[in-house]
Each structure stands twice: as C-alpha cells, then as structure tokens.
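Would you mind keeping the following structure in view while I ask a few things?
The values are calculated or read from the model by the stated rules, or taken from the named source; none is laboratory data. Since the structure is predicted, the reported quantities are computational estimates derived from the model, not experimental observations. We place every Cβ from the backbone using ideal geometry, glycine too, and count neighbours over all the protein chains shown. To get the accessible areas, we keep the full protein, side chains included, count just its heavy atoms, and leave off ligands, DNA and RNA. Shrake-Rupley method; radii C 1.70, N 1.55, O 1.52, S 1.80 Å.
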There are 2 protein chains.
Amino acid sequence: MARRVRHRERHFAGSAAVRDVILGMSDGLTTPFALAAGLAGAATSNLLVVIGGLAEIAAGSISMGLGGYLAAQSEAETYRTELAREIHETEVMPREERAEVRRIFRDYGLKGHALDQATDAITAERDAWVRFMMREELGLEEPAPRAALWSAARIAGSYVVAGLIPLLPYFFPLDLHRALLASVVATGVALGAFGAVKGTYTGAAPLRSGLQTLCIGGLAAAVAFGIGRLLARLGA
Amino acid sequence: MARRVRHRERHFAGSAAVRDVILGMSDGLTTPFALAAGLAGAATSNLLVVIGGLAEIAAGSISMGLGGYLAAQSEAETYRTELAREIHETEVMPREERAEVRRIFRDYGLKGHALDQATDAITAERDAWVRFMMREELGLEEPAPRAALWSAARIAGSYVVAGLIPLLPYFFPLDLHRALLASVVATGVALGAFGAVKGTYTGAAPLRSGLQTLCIGGLAAAVAFGIGRLLARLGA
C-alpha cells in the first residue's frame, strides 16, 4: 500500500513538470524550425541560419520562461489569497462555512448521523477545515515552494533542447537545401517521438499520440513557415 | 449564500483562462518587441519591421497555441486515465481503496464512530467514491469539455493582441529611431498595466505586481534584443 501511495505522489508531483516540458518542447520544435527554414530560403550560408536560429532560441526560451514564471507565480498568489480568505471566513462566518462543509458531504451522499458527525469532525480543527474547503470547494492544491522558478527553468530548458534539434543540420557542412531537408526529417522524428513519450506519460496510446503530435506540429511549423515566406516575398 | 458560491465558481472557471492569458501575453510582449527592435537597427524602412513583426506574431501565436493545446490535452488524458484506474481499483481491490478513504478522513482529524460512518457513506456509491479519490488522493479536477481548444485559442489570441502593441509604432510614418522609442514606451506601459491587472486578479498588490512584471519583462526583452544584436554583429 505504502509503495502505491508513494508511486502516485511521485507521479503527480510530475504533472506540472510534464505540462511545462510539453509547453516548451512543442514551441521549441516549431518556431526555430520555421525561422531556420525561412532563413534557409533567403540566406547564402549556413552560418547565417545558425546565428538567426540561436538568437531565436535565446529570445524564445527567455520569454517562454518568463511567461511560465508569471503564470506559476499568479497561481501561487491565487492560492495564498484564497487561503487567507478561507481562514478569515471560518473566523467571522463559521456557520456559513460549516453549512458549506455539510453541503459538500451531502453531495458525496452522506446523510443523517454520518453527515452530522463528519461535518463536526472536519470543522473541529481550523487547519483541517480550511484545507478541506480549499480542496473541495475551490479545487486548489498548495503549490510547491519555488514552483515559479522551477516552472520557468523547465519551460526554457525544454525550449532550448527542442529548438536545437531543427537547427542541428545547419551546423554541418551541407548545402542549404540538404540541411533544410535534414531539418525537416529531424523535426518530424522529434515531434513524433515527443508525442509518443507524452502519450506514455498521460496514458494515451503512444502510436496515436505520436502521429497526432507529428501532424499538428508539422502543420503549425508549415503554416508558420508559409506565412513568413509570403510576407518576406511581399516585402521584397 | 448561493450568490457567494456562484461568485466563487465564476472566479475559478476563470483560473485556467488567467493562466493562458498570462502565458500568451508575457511572451507576446517580449519576443515580437525584441525582434522588431532588432530589425529596426538593421532595416532601412518601417515596412520591413512590420512584415518581420507580423510574421513572428503569426508563427509565435500558432506554436504557442499548439503548445497550450497539447498541454491541456495531456491534462485531459491524465484525468481520463486516472479516472479509469480509480474505477478499476474500486472494483478489484475495494478493501485497499476503502482503507485509503479512511486514511484521508483520518488525516482530516476524523476518529472513531465518525470516521467509520463517513467512510461507509462515501464508499456506498461508486460515483461519489471515485470522485472523492480523484480530488483528495490525486488532486485532479475534471477538465471542461473542449478545454484544449479553448486553451489554444486563449493563448494564441493573447499572443496576437500583446504582440501588436510593440509593433504598432512602426505602422506610423515615423523615422525608425522614433518608432523604436515609441515601441519601448508602449511595451513598457503595456507590461506594467498587464502586471497590475494580473495582480488584481490574483489578489496581489497591483502597483507591486505591475512594477515587478515591468522589470522582469523589460529584462527579458532587453536580453533577447541584446543577444540578437550580438549574434547579428558576429555574423556580419
């Protein structure tokens, strides 16, 4: 039993991390790919593509990481604000808060004596009472300490790792068309593998998840590339 | 009472939406700004900056939206997988699952007869039992239908709206240095206002939140811009 619980907890401490890695990787596999592909059409040397791509990875990882930091920070602030409100409400309007505990237990099917006793027991201690309201009424879990910084680091790191994949072929002394082709293949393989691993984590069928991610990501990269080309042609 | 509960629910249906808007806006205010500022240093006309900026907004919003779609989809898949597992476990190992309900109530301070009765009542109906385990053991809430599509639309839309702000000055017939200056000011004001509104939503002090977002966002934009310039100079 203890093993199962520990396994679960490990699994769910990982849930926010999975979300961060997915956010960073999916963006990192499409934007730098599209930019590099766009530059490959206009540039005269691999060096320019590599420089542009690295600059995009630097800028993109920083601003994606910032977004993750601010979003996680806002979740932590929401938790703190609501916690303070629940504590305050159990102090100044205990009857109403007690009635809410009752209502939650009634929704779970508790009746009569069991309902009374469970409500009494939960509201006997403020700590348990507030924790119960946070989880059952508001669906909020306490964020881990330094969650915002970790979230930023995971998103930015995933963006950098994923962004280097479509860029890799341009580091080699290939002509630009071959490098572009290799970049398409590398990005496609990475998108499929990323989708398959994501499926394994979330319990979806890996093959289906891999193909789906390949299609959506490929479409996103193709549209981004097409728009860039079209606009560049209009400007030229 | 009913009013308060309704108010709360509205507030918390909005929690995922707030996260999406923060992710989209913070990235949309920094990457397009940095790219436009970088182009303004090299370009000979406002038109090139506008075209490059619009292409970046198109590519960025698509790939950010994709990331949000995949992340929300993975949360929904995790929920479905865990729900199926809980249902299965209450069927094949009801004693262990019952013991977990007991353990959860004991952690809330229930004892003796109240503990027995509450455990009996929750485990009497499979639906309530499974819902209780999902929320209390795993901290998982059921995702809204089409949550992934809505999340993608919110992130991409926020990116587009935010990305147009630093680009706006280049649409006017200003010389490039003035347009860049106006872009810096517009982005700064937008970052500060965005932080202040975010603070109001999450319950943090608006002024503090506005200044903090302005500083972090400004730093991210400046670093992104600096790296782009440095790399461009190395390549030239």
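Out of A:Glu77, A:Glu96, report the one residue that is charged (D, E, K, R), surrounded by fewer than 24 Cβ atoms within 10 Å (Cβ to Cβ), within 7 Å of chain B (Cβ to nearest Cβ) and over 30 Å from A:Leu149 (Cβ atoms).
Details: A:Glu77 fails: over 30 Å from A:Leu149 (Cβ atoms).
Every option except A:Glu96 fails the conditions.
Six or more apart or on different chains, Cβ under 6 Å: which pairs go from a residue in region A:107-124 that's more than 8 Å from every other protein chain (Cβ to nearest Cβ) to one that's surrounded by fewer than 20 Cβ atoms within 10 Å (Cβ to Cβ) and basic (Lys, Arg)? Could you list them?
A:Thr119/A:Arg102; A:Thr123/A:Arg98
Quick test for you: out of B:Trp129, B:Trp150, pick the one residue that is open to solvent by 10 Å² or more (accessible area, probe 1.4 Å), under 21 Å from B:Leu23 (Cα atoms) and aromatic (Phe, Trp, Tyr).
B:Trp150
Sticking with this structure for a sec: What is the residue count in region B:17-51 for residues that are within 11 Å of the chain's Cα centre (by Cα), at the interface with another protein chain (Cβ under 10 Å from one of its Cβ atoms) and hydrophobic (A, V, I, L, M, F, W, C)?
5
Against the conditions (1) open to solvent by 40 Å² or more (accessible area, probe 1.4 Å); (2) within 8 Å of chain A (Cβ to nearest Cβ); (3) under 30 Å from A:Glu136 (Cβ atoms), where does B:Leu54 fall short? Just the number, please.
So the condition that B:Leu54 fails would be (3).
Rundown of residues vs (1) in contact with a Leu (Cβ under 9 Å, 6 or more places away or on another chain); (2) farther than 16 Å from A:Ser74 by Cβ; (3) not aromatic (Phe, Trp, Tyr), yes/no style:
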residue: B:Glu137; (1), (2), (3): no, yes, yes
residue: B:Arg146; (1), (2), (3): no, yes, yes
residue: B:Val161; (1), (2), (3): no, yes, yes
residue: B:Ile165; (1), (2), (3): yes, yes, yes
residue: B:Ala186; (1), (2), (3): yes, yes, yes
residue: B:Leu191; (1), (2), (3): yes, no, yes
residue: B:Phe194; (1), (2), (3): yes, no, no
residue: B:Gly217; (1), (2), (3): yes, no, yes
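Okay, moving on. With the structure loaded, tell me whether B:Arg135 is within 7 Å of chain A (Cβ to nearest Cβ), assigned to a helix (DSSP H, G or I), surrounded by 17 or more Cβ atoms within 10 Å (Cβ to Cβ) and at pLDDT below 90 or whether it fails that test.
Taking the combined requirement at face value, the residue satisfies it.
Residues A:Gly217, A:Gly195, A:Gly210, A:Gly199: which one is part of a helix (DSSP H, G or I) and away from every other protein chain (no Cβ under 11 Å)?
Working: A:Gly217 fails: away from every other protein chain (no Cβ under 11 Å); A:Gly195 fails: away from every other protein chain (no Cβ under 11 Å); A:Gly199 fails: away from every other protein chain (no Cβ under 11 Å).
Selected residue: A:Gly210, the only one of A:Gly217, A:Gly195, A:Gly210, A:Gly199 that is part of a helix (DSSP H, G or I) and away from every other protein chain (no Cβ under 11 Å).
Would you check if there is a residue in region B:166-187 being within 11 Å of chain A (Cβ to nearest Cβ) and either of a type in the set (Lys, Arg) or in contact (Cβ under 8 Å) with a residue 60 or more places away in the chain (or both)?
no
Taking into account only those residues within region A:138-147 that are more than 7 Å from chain B (Cβ to nearest Cβ) and outside any helix (DSSP H, G or I), which is surrounded by the most Cβ atoms within 10 Å (Cβ to Cβ)?
It comes out as A:Leu140.
So which residues in region B:188-209 are more than 25 Å from A:Ala84 (Cβ to Cβ) and either surrounded by fewer than 19 Cβ atoms within 10 Å (Cβ to Cβ) or touching a residue at least 60 places away in the same chain (Cβ under 8 Å) (or both)?
Of everything in region B:188-209, those that are more than 25 Å from A:Ala84 (Cβ to Cβ) and either surrounded by fewer than 19 Cβ atoms within 10 Å (Cβ to Cβ) or touching a residue at least 60 places away in the same chain (Cβ under 8 Å) (or both) turn out to be B:Gly188, B:Val189, B:Ala190, B:Leu191, B:Ala193.
Pick from region A:134-190 the residues that are within 18 Å of A:Ala222 (Cβ to Cβ) and polar (S, T, N, Q): which of them is farthest from the chain's Cα centre (by Cα)?
Top of the filtered list is A:Ser183.
For (1) more than 26 Å from A:Asp27 (Cβ to Cβ); (2) touching a Pro at 6+ places or on another chain (Cβ under 7 Å); (3) surrounded by fewer than 17 Cβ atoms within 10 Å (Cβ to Cβ), each residue gets a yes or a no:
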residue: B:Ala121; (1), (2), (3): yes, no, no
residue: B:Ala124; (1), (2), (3): yes, no, yes
residue: B:Ala156; (1), (2), (3): no, no, no
residue: B:Leu176; (1), (2), (3): yes, no, no
